[in-house]
Amino acid sequence: MKPNTIFNERYKIINSLGEGGMANVYLATDLILDRPVAVKVLRVDLRDDQDTVRRFKREALATTELVHPNIVNVYDVGEVDGLQFMVMEYVPGHDLKTYITKKFPIPYQVVIDIMTQILSAVEVAHDHSIIHRDLKPQNILIDADGNAKITDFGIAVALADHSLTQTNTLLGSVHYLSPEQARGSMATKQSDIYSLGIILYEMLTGRVPFEGETAVSIALKHFQSDVPSVREFDSNIPQALENVVLQATSKVPRDRFQSAGEMSIALRESLAKKNVAKWQPEEIISGETKVLPVFDKQTVETLSPNQEPDVKKDTKKKMSRRKKWTVGAIIFAFVALILGGAILAMSSPKEVKVPDLSGMTVSEAKSNLADKNLKLGKITRTNSETVDSGSIINSTPKKNEIIREKNQVDVMVSKGKAKITIENYVGSNYEDVKTTLENDGFKVEKETEESESVTENEITAQDVTAGDKVVPSDTVITLTVSSGPKVYTLRDLTGYTRKSVQDYTNELGGNLTISEAYSDSVDKGQVIKQSPAEGSSFSKGDQLSVVISKGKKVTTDEFTRTVSVPFKSIVSESSSSVDEEKDEDKNSSSDDSSSSSSSSSESKVDENAIEVYIEDKSHNIDDIYERKTITKDTNFKLSFILDSGKSGKYKILRDGEVIAENDNVTKN
């Protein structure tokens, strides 16, 4: 399909991701959910193969049941224009084949981690009775975080139906093909185990164990040749780890791991085990061909009820060949009947008690069951708060139940206590996180610290690192929580001066607002009241308001006084007698001829310098209130502002001489 093609009226094709033997895969956008998807379409040349189409549908629908983090999700299946298709989760990254090429050599622990993920996915598929049949690195995707995801469950059965002569199609798969599949037998869960063993071999050595020019030649090696030793390639590989490869790739399916879960346990324990012997398959006792004994004359006569003892030897020699064959056949049938009955009696299954497997490992349980001529069946894994990881919790049938030999006993194996991944709680509300953690089974402890930048009750630190997986019942999580800025208790500021209040506010790091008001009880300049009140909590940046006293509120009297200032004319010394005469009688207006005649010889001053001083609420008696030059008698208006009951003062100087003064000026 070409880019920008709208497939099934929903998926917009972006580009091709690859072409396989059974299907072509495209990167597309789901136009409804707006997400990238991988669209896998069955090849055109296979759409008329009804058997392939039927199996494709059946397996595709079955795969939608597989919900597992290590299995590529199947979102949709259907048919468009006769072409079967599947829509799957798009996993950006590389397949395991490319990963091995780029990363080899791969650390053993990384190999085990990736294989454990793959085995977990295969175990879920097997639990749903789905066998992959085509497990290979090309069908395992590795995302950017190193997580493995298995794909191609949907066409595995259809692929298995095609002949090994399709060299170009199957050459990649045949490197991982089990011996029984190579012989044309039906694939089982142990067939997938074999393929996983070959994948593990390749991850440890960087190559596949068998190579050949044709798919058939490689397939022949799978059931004729032993898998080479990985320790011969890398002597540092632990024997226990090589044993996992050897057991998984055993030629006989029953000698392989009985489940993906069992293989996973052996793999996880392989790096810790020391002084382990090389794995060998169990000895298979094969039935040998029994040679029938040669029956002599006496035996024949004993076994023949109709014998004639008087018959002569030469007569018997003349017995026809036909009769000899008849007698021999009868004897053989009789002996076979006796032997068969004995074997049947010996091989008839006996009844045995199921042993108590609780607390055992899978290997120990397998050995104990073998002692009872029983087989280990399905292995189920679950978390347990009381049973250690890897140990058996119980079995089905249960211990001491009576069953026949050769039957299977299923076991449930502990995965240990369930673990929860710790999240990053910094910045979250403490009460919310505490409730969540306690509901999950954690014990939560709290530590507080003051902070000017983090709000109260917000988590600032945690002692268990985010991303760690821990057992809730075994874990105490300590959360450090902000108590907000440092909190002070306000003092009683009554009587504080303006300066002392400012200094105190600066000490607390607060902001101060000052207002003033009259007070009959608080002296002027001191605090009357405060907000917040005494004893309140106060932190840096908070607002403090105080009211400062202006003292008692006093009413004032405002009034004026008019003072008349007489003009004084000053005469020179030659006419001083005249001036003195005039002073004696100010009201004299004589202008007789003698006076007039004498004035012509006198010198006069025609103006007076007047200075006025007053004292009230606004003026001081030492400061000039008004200065003025007069040439005649003049009235001066003096304005007074006095507190009720208080008196004022005034003083008037004329040419430097006090001419009027009053020290008790009142309104009335």
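Taken together, the values in this text are just the output of simple stated rules run on the coordinates, not laboratory data. These figures come from a predicted structure and were not determined experimentally. Methodologically, a virtual Cβ is constructed for each residue, glycine included, from the backbone with ideal geometry; neighbour enumeration extends over all protein chains shown.
Pairs Lys278/Lys419; Lys486/Lys550; Lys278/Lys366: which exceed 29 Å Cα-Cα?
Correct reply: Lys278/Lys419; Lys486/Lys550.
Roughly how far apart, in whole Å, are the Cα centres of region 245-265 and region 486-527?
One Cα centre to the other: 85 Å.
If each residue's Cβ is checked for other Cβ atoms within 10 Å, how do Tyr518, Tyr650 rank with the fewest at the top?
If I rank by nearby Cβ atoms, fewest first, I get Tyr518, Tyr650.
Using 0.36 nm per residue of separation minus the Cα-Cα distance, give me the extension gain between Tyr518 and Lys398 in nm, one decimal.
Result: 33.7 nm gained on full extension.
Using the structure shown, select from Lys350/Lys415; Lys499/Lys524; Lys251/Lys406; Lys617/Lys637; Lys273/Lys399; Lys378/Lys406 the pairs with a Cα to Cα distance greater than 24 angstrom.
Those over the limit are Lys350/Lys415; Lys273/Lys399.
Only four residue types carry charge here, +1 at the Cβ of Lys and Arg and -1 at the Cβ of Asp and Glu. Report the dipole size of region 352-414 about the Cα centre in Debye, rounded to the nearest 20.
So the magnitude is around 320 debye.
Only counting other Cβ atoms within 10 Å, I'd like Leu220, Leu33 sorted with the fewest neighbours first.
On the way: Leu220 17, Leu33 10.
Least crowded to most crowded, the residues run Leu33, Leu220.
Which aspartates and glutamates have a Cα less than 15 Å from the Cα of Lys40, not counting those fewer than 8 places away in the same chain?
Glu19, Asp30, Glu59, Asp76, Glu79, Asp81, Glu89, Asp152
Estimate the FRET efficiency between Glu452 and Ser536 by the formula 1/(1 + (r/R0)^6), using the beta-carbon distance for r and 22 Å for R0, to the nearest 0.05.
0.70
What aspartates and glutamates does Lys568 reach when the alpha-carbon gap must be under 15 Å and sequence neighbours fewer than 8 apart in one chain are set aside?
By straight Cα distance, Lys568 reaches Asp579, Glu580, Glu581, Asp583, Glu584, Asp585, Asp606, Glu607, Glu611, Asp633, Asp655, Glu657.
If neighbour count is taken as other Cβ atoms inside 10 Å, put Val80, Val665 in order from fewest to most.
Taking fewest neighbouring Cβ atoms as first place, the list is Val80, Val665.
Among DSSP bridges having both ends in region 487-549, what percentage is antiparallel? Round to the nearest 5.
Bridges in region 487-549 are about 55 percent antiparallel.
Would you please give the FRET efficiency between Glu607 and Ser564, computed as 1/(1 + (r/R0)^6) with r the Cβ-Cβ distance and R0 = 22 Å, to the nearest 0.05?
It comes to 0.80.
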